[in-house]
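Inspection log for the structure reproduced underneath, given as structure tokens.
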Amino acid sequence: MRHIISVLVENKFGVLARISGLFSARGYNIASLAVSQTLDPAVSYMTIVVEAQDEKILEQIKKQLNKLIDVITVTDFTKKEHIDRELVLAKVAYSPGDKIKLEHLLSKCVGKIIKHKGDTAIIEAVGDHQQIRQLLEALGDLGVKELVRTGRIATLE
Amino acid sequence: MKMTGAQVLIECLKKEGVRVMFGYPGGVVLPIFDKLYDADIKFILTRHEQAAAHAADGYARATGKVGVCLATSGPGATNLITGIATAFMDSIPIIAITGQVKTNLIGSDAFQEADITGITRPITKHNYLVKDAGELSTIIREAFYVASTGRPGPVVIDLPVDVQLGETDFVWPEEVKMRGYSPTYEGHHGQIKKAAKAIEASRKPILYAGGGVIISGADKELKALAEKTNIPVTTTLMGMGGFPGGHKLFLGMLGMHGTAFANHAIMESDLIIAVGARFDDRVTGRLDVFAPYAKIIHIDIDPASISKNVNVDIPIVGDAKTILAGLLPLIKKAPDTAAWLKQVEKWRKDLPLKYGSSGKIKPQYVIEQIYEATRGEAIITTEVGQNQMWAAQWYKYEKPRTFISSGGLGTMGFGFPAAMGAKMGCPDKIVFDIAGDGSIQMNIQELATCVCNKIPVKVAILNNHYLGMVRQWQELFYNRRYSQTCITGPDFVKLAESYGAAGIRVTKKEEVRPAIEKALSIDNVVFMDFQIEEEENVFPMVPAGEAINRMIGGMA
């Protein structure tokens, strides 16, 4: 099962390496990781999506994260009401005839065509996990040439 | 007052009560060594940085204070790694100070540059790269605080040479403020009450104590609890000395080379009270069949240790001493353990630790004789392997901090430098390193350090001309194919003498005791070369991955 863990950390060099090192040393895979400053420039948020087969592993991850000196708080969002979003930038196959179809797909999340040139369009889309997954499936039919994603960020309701 | 970074470092170390440190100089720590020249801190120049880290570790284990070691950048720093990892696995508070190339050269593959904070990240409790002399005093204060509180551990401070030379105002931070670090000491009251009820209701309880008992100084409370409730006690390797070795409720060590009676007792118990122990795989054996009838109370300061390996029924996070002190008065009625103790005593009588008497000198006999000659009052350090297990089985440790051994990492070469550190911390105690002929060769150069600094530790080499424990595994599980375990050693007597130390060779049983007495009478380092039975094994033994009551052997 995928879990979203939000970690408030000191904004210092080496902290990201400590966190990622903790996962790699124990053989846990990170599905996505997004880091940014908060309103307080001295601290950052890390939103980590992890795949944990059972509760025991998840408990260990949270406890080990808490042990790190630079970690201030660890919150597991999975069982809490939360909003999560991800940003996608994609280069997709484009012809004028596809425009309406593409705009229709993008209307299902927050998305738009940023630019198009020749047979390629660059689109952006913001949505929750479900919306992004559906969008990418649909785009697959049109032909995706390149794709970058931010990884998920989340906040409690 | 303006000071250089190096001066700040020395001032801070003094304020932290550091009287002795271990290490080795090098290019980028010269500013520190220059200031050490006039400082009132005893500096022990080891012959290898690894030994400096182990010595700081031995000092910390023997005294309960923070041990300090110092090395230069690059190879000096990487030589500390094994010592830092050893301290990390056994939760020992040490501060390792490493030199680093100038800040503007960091990342340029400069001469003797290594990313030491990167390298030590997984084997330290925390580490620092100091970028400005102005932040140095705060960092040192934090480092000592982090190393010695909560679940202790090693902290590395990496100090670029220009920071050592940089000028700053010296300000000693009285308070340490770290929002991400606040260890829990008080146990949850409701959980402690539950534990008291579970103890009262138990019929076959057992106390399983680990190194946490020694770290927190909970030995008196542990003894009081055992005696109040009549519960037998077993300890881990790290817990030896946390409960009196000669006590009638003591079952000895449990686990892979534990006593048969301790292993049977924990497997048949209905309640395990684990105190400062982490259910290591050397202790539990096959996990899915471990202690099938037992409810588990687990007292530990590290929440991540709880339910990591076994599922715990009553977790209590906090300091062992504080929690046991709180638990004691809550137990109103001792459980009825009469029948249980009778059963445990029957196991003890039927399955004692024993060894044969034929052939050459038996290593177990040597250890018994060391025990008698030192009246159990020595600090024993060990190397790793058979010597370590025999030292755990055959010496009775009455007091905490008298058994010093690399438990978690199992570091060969640990015992001798650790003995130096222990002796520096406790100069009035006899310090004995129990070694194998393989392990002693891993840090044998420290003979020079001992002789130069007049650190008169005694080293009992149990010389079987093998890497004994590995040979034992090959005998039992690899059809006696002794691949690379027959090891040659030097003439240890001559070698010791060449360094200015004393050497005694012992080839007959009747010479054992007189040799130990003689060694104790010599005010110098002494290497005792005991030529022991070559193929003696450590029994009992639980094969790796087996249930811990499925022991093999039992006598020689």
Practice task
Given the conditions (1) modelled with pLDDT of 95 or more; (2) open to solvent by 40 Å² or more (accessible area, probe 1.4 Å); (3) farther than 30 Å from B:PRO303 by Cβ, report the number of the one that A:HIS116 does not fulfil.
Solution key: (1)
Practice task
Can you give me the number of residues within segment A:2-18 that are within 23 Å of B:ILE123 (Cβ to Cβ) and either free of Cβ contacts under 8 Å to residues at least 60 places away in the same chain or within 9 Å of chain B (Cβ to nearest Cβ) (or both)?
Solution key: 9
Problem - Among residues of segment A:24-43, those that are at pLDDT 90 or above and under 16 Å from A:ARG152 (Cβ atoms), counted - result: 7
Fill in the blank from the handout: When restricted to B:ALA52, B:ALA39, the only residue assigned to a helix (DSSP H, G or I) and among the small types (Gly, Ala, Ser) is B:ALA52
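Per-residue answers, yes or no, for (1) surrounded by 20 or more Cβ atoms within 10 Å (Cβ to Cβ); (2) within 14 Å of chain A (Cβ to nearest Cβ):
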position: B:ARG141; (1), (2): no, yes
position: B:VAL146; (1), (2): yes, yes
position: B:GLY153; (1), (2): yes, yes
position: B:VAL171; (1), (2): no, no
position: B:LYS177; (1), (2): no, yes
position: B:SER182; (1), (2): no, yes
position: B:LYS193; (1), (2): no, no
Problem - Search result, residues across segment A:31-51 that are more than 11 Å from chain B (Cβ to nearest Cβ), over 19 Å from the mean Cα position of the chain (by Cα) and surrounded by 16 or more Cβ atoms within 10 Å (Cβ to Cβ) - result: none
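Results for (1) under 18 Å from B:GLY245 (Cα atoms); (2) within 14 Å of chain A (Cβ to nearest Cβ); (3) among the small types (Gly, Ala, Ser); (4) free of Cβ contacts under 8 Å to residues at least 40 places away in the same chain, shown as yes or no for each residue.
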{"position": "B:PRO303", "(1), (2), (3), (4)": "no, yes, no, no"}
{"position": "B:ILE323", "(1), (2), (3), (4)": "no, no, no, no"}
{"position": "B:TYR355", "(1), (2), (3), (4)": "no, no, no, no"}
{"position": "B:GLN369", "(1), (2), (3), (4)": "yes, no, no, no"}
{"position": "B:GLN388", "(1), (2), (3), (4)": "yes, no, no, no"}
Handout entry: Complete set of residues in segment B:474-518 that are within 15 Å of B:ALA435 (Cα to Cα) and under 27 Å from the mean Cα position of the chain (by Cα)
Key = B:ILE487, B:GLY489, B:PHE492, B:ALA496, B:GLY503, B:ILE516
Problem - Answer from B:MET3, B:MET21 - the residue that is open to solvent by less than 50 Å² (accessible area, probe 1.4 Å), assigned to a strand (DSSP E or B) and within 21 Å of B:ILE116 (Cβ to Cβ) - result: B:MET21
Fill in the blank from the handout: Of the residues in segment A:63-85 that are open to solvent by less than 40 Å² (accessible area, probe 1.4 Å) and out of contact with any strand residue (DSSP E or B) (no Cβ under 7 Å at 6 or more places or on another chain), the one that is nearest to the other protein chains (Cβ to nearest Cβ) is A:GLN64
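Which residues, taken from segment B:380-410, are among the β-branched types (Val, Ile, Thr) and touching a strand residue (DSSP E or B) at 6+ places or on another chain (Cβ under 7 Å)? Give the steps one after another, and end with the answer.
Looking only at segment B:380-410, we keep the residues that are among the β-branched types (Val, Ile, Thr), and these are B:380-382, B:384, B:402, B:404.
Those that are among the β-branched types (Val, Ile, Thr) and touching a strand residue (DSSP E or B) at 6+ places or on another chain (Cβ under 7 Å): B:ILE380, B:THR381, B:THR382, B:THR402, B:ILE404.
Of the residues B:ALA114, B:ALA56, B:ALA60, which is away from chain A (no Cβ under 14 Å), small (Gly, Ala, Ser) and over 14 Å from the mean Cα position of the chain (by Cα)? Reasoning before the result, please.
Working: B:ALA56 fails: over 14 Å from the mean Cα position of the chain (by Cα); B:ALA60 fails: over 14 Å from the mean Cα position of the chain (by Cα).
On inspection, the qualifying residue turns out to be B:ALA114.
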Handout entry: Scan of segment B:111-127 for residues that are over 14 Å from B:PRO93 (Cα atoms), touching a Gly at 6+ places or on another chain (Cβ under 9 Å) and open to solvent by 10 Å² or more (accessible area, probe 1.4 Å), ordered by number
Key = B:PHE111, B:GLN112, B:GLU113, B:ALA114, B:ASP115, B:THR117, B:GLY118, B:ARG121, B:PRO122
Fill in the blank from the handout: Checked segment B:268-295 for anything open to solvent by 10 Å² or more (accessible area, probe 1.4 Å) and either more than 23 Å from the chain's Cα centre (by Cα) or within 14 Å of chain A (Cβ to nearest Cβ) (or both); matches are B:GLU268, B:ASP270, B:ARG278, B:ARG286, B:LEU287, B:ASP288, B:VAL289, B:PHE290, B:PRO292, B:TYR293, B:ALA294, B:LYS295
Problem - Single unsatisfied condition, B:ASN309 versus (1) within 14 Å of another protein chain (Cβ to nearest Cβ); (2) free of Cβ contacts under 8 Å to residues at least 12 places away in the same chain; (3) not in a helix (DSSP H, G or I) - result: (2)
Problem - Among the candidates B:TYR482, B:TYR478, residue that is of a type in the set (Ser, Thr, Tyr) and out of contact with any strand residue (DSSP E or B) (no Cβ under 9 Å at 6 or more places or on another chain) - result: B:TYR478
Exercise for the section: Among the residues of segment A:86-109, write down those that are among the β-branched types (Val, Ile, Thr) and modelled with pLDDT under 90. Expected result: A:ILE100
Exercise for the section: With the condition kept exactly as written, say whether any residue in segment A:19-30 is open to solvent by less than 30 Å² (accessible area, probe 1.4 Å), touching a strand residue (DSSP E or B) at 6+ places or on another chain (Cβ under 6 Å) and within 12 Å of chain B (Cβ to nearest Cβ). Expected result: yes
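The values are calculated or read from the model by the stated rules, or taken from the named source; none is laboratory data. Model, not experiment: these values are computed from the prediction. Backbone-built Cβ (ideal geometry, glycine too); neighbour counts: all protein chains shown. Ligands, DNA and RNA are stripped out before the accessible areas are found, and what is left, the full protein with its side chains, is counted by its heavy atoms. Shrake-Rupley method; radii C 1.70, N 1.55, O 1.52, S 1.80 Å.
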